[in-house]
Amino acid sequence: MISPNFYSRFKCIANTCKHSCCCGWEIDVDEDTVDYYRGIDGDLGKKLDENIICENDEYHFRLTEEERCPFLRQDGLCEIILDLGEDGLCDICALHPRFYFFCRPDQSIKKISDQEETDSSEDQEILDEIEFGGLGLSCEEVTRLLLSESRPLLFIDDSETTFGMSRILTMLGCDPNAIKEYKPDVSEKRIDRILKIFSKTEPIDDDWIRMMDELHTNMSIGEKCSKKIKDFDALKYQRIYDYILYRQLERLPDHEIKTLADYAEACCDFIFICSSVYGDLAESVRRFSEQIEYSTENVDIIIDSL
């Protein structure tokens, strides 16, 4: 598997997290874990039974009125982990914020297509797939890891060989020159266009709506962006750009690499605008990811608007 070189350093910061993934999200529970929970006795077993809902043949936890997981204690710790250990978590809780996807080089896609009439096409597809893994930027600890270094973003494979985004694109049969050297465009026309595009996305919550309204009505936004560009950290923003592009590689070959590169650039422009206005790069990255990267529809809206 190929993953960012900070992947193995991730560790949930639990009750010190300011933006708990145990709040505000519907938490699905896989059937195997439901079966396991049904065998739990005592007070925890009773609470599990009372707080697992089945709707449309899918299970999820019943959130509290404050949209918190019923097993998230007031001190920010997980009641299930404390009682059962991390092995007692459902799949989505155990995996988050990790993500995985598979890609095939263009030549392998062509090879599979050419072999559609043979008996070995399925085996060939499995053989040629490359597995990628990563950590979602909606997690503040992941964002901290990404921004903790001001040097080019590197990835690592199972043989512990490290390389950059150019090598990954070459592996996938894409032009490595598609990767842009990111620099924000602070022109009034570009800022207006980026805000209009992101305003089209389906809001994750009311705070997003309020933020977009504030950005649209902020008369000094251009001035703030122009001022911020004077101390622009090119290496950190390049890491953000590369990582946003990396996450969307699973959209190959349905989208051209240039389209995905344009998407990453637009996302970085939005992050730069938010960071210029609110003064917090890490939170701007995290909030962007929470709104956009966890919604296929919102990613599509941005790509289709470019």
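Just so it is clear, none of the values below were taken in a lab; they were calculated from the coordinates. Please read these numbers as outputs of a predicted model, since none were measured by experiment. Heads up, the Cβs are rebuilt from the backbone with ideal geometry, glycines too, and the neighbour counts pull from every protein chain shown.
Secondary-structure-derived ellipticity at 222 nm for the chain, considering helices only, amounts to -14500 deg cm²/dmol, per-run term -39500 (n - 2.57) for DSSP H runs with n ≥ 4. Computed over the alpha carbons of the stretch 98-306, Rg followed by Dmax gives 18.4, 64 Å.
Within the listed set Tyr36, Tyr294, Tyr263, the residue fluctuating most in the Gaussian network model of the chain (springs between alpha-carbon atoms under 10 angstrom) is Tyr36. Restricting the GluC sites (Glu not before Pro) of the stretch 169-275 to loop positions (DSSP other than H, G, I, E, B) with no more than 10 neighbouring Cβ atoms within 10 Å leaves Glu181.
With the charge dipole of the chain set up from +1 on Lys and Arg Cβ and -1 on Asp and Glu Cβ about the Cα centre, the Cα lying farthest toward the positive end among the listed residues Ile27, Cys174, Ile194 is that of Ile194. Among the lysines, which have Cα under 20 Å from the Cα of Lys200 when same-chain residues fewer than 8 positions away are ignored? Lys200 reaches Lys189. Sparse packing (at most 16 other Cβ atoms within 10 Å of the Cβ) combined with a DSSP loop state is found for the following GluC sites (Glu not before Pro) in the stretch 1-60: Glu26.
Ordering Ile13, Gly279, Pro253 by the projection of their Cα atoms onto the charge dipole of the chain, which places +1 on the Cβ of Lys and Arg and -1 on the Cβ of Asp and Glu, puts Gly279 at the extreme positive end.
Shape annotation for the stretch 265-306: C-alpha extents along the principal axes are 29, 19, 12 Å, from largest to smallest.
Note on Lys18 and Ala94: the model spin-label points, each 7 Å out from Cα along the C-beta direction, lie 3.2 nm apart.
Estimate the FRET efficiency between Arg9 and Thr170 by the formula 1/(1 + (r/R0)^6), using the beta-carbon distance for r and 30 Å for R0, to the nearest 0.05.
Values: r = 26 Å, r/R0 = 0.87.
So the FRET efficiency works out to roughly 0.70.
Multiplying the residue separation of Asp300 and Lys227 by 0.36 nm and removing their Cα-Cα distance gives an extension gain of 23.1 nm.
Here's the picture: charge each Lys and Arg Cβ at +1 and each Asp and Glu Cβ at -1 in the stretch 22-95, and of Gly85, Ile53, Leu95 the one pushed furthest to the positive end of that dipole is Gly85. How would you classify the stretch 32-99 from its alpha-carbon gyration tensor, with a ≥ b ≥ c the square roots of the eigenvalues: rounded for a/c under 1.5, else prolate if a/b is greater than b/c, otherwise oblate? Rounded, because the longest to shortest axis ratio a/c is under 1.5.
Along the chain, the longest continuous region that contains none of the trypsin sites (Lys or Arg not before Pro) in a DSSP loop with at most 15 other C-beta atoms within 10 Å is 74-199.
Using alpha carbons only, how many angstrom separate the centre of the stretch 1-79 from the centre of the stretch 232-256? Centre-to-centre distance over Cα atoms comes out at 30 Å.
Rounded to the nearest 20, the Cβ-based charge dipole of the chain about its Cα centre (Lys and Arg +1, Asp and Glu -1) stands at 2180 debye. Using only side-chain charges placed at the Cβ, +1 for Lys and Arg and -1 for Asp and Glu, the dipole size of the stretch 22-95 relative to its Cα centre rounds to 320 debye.
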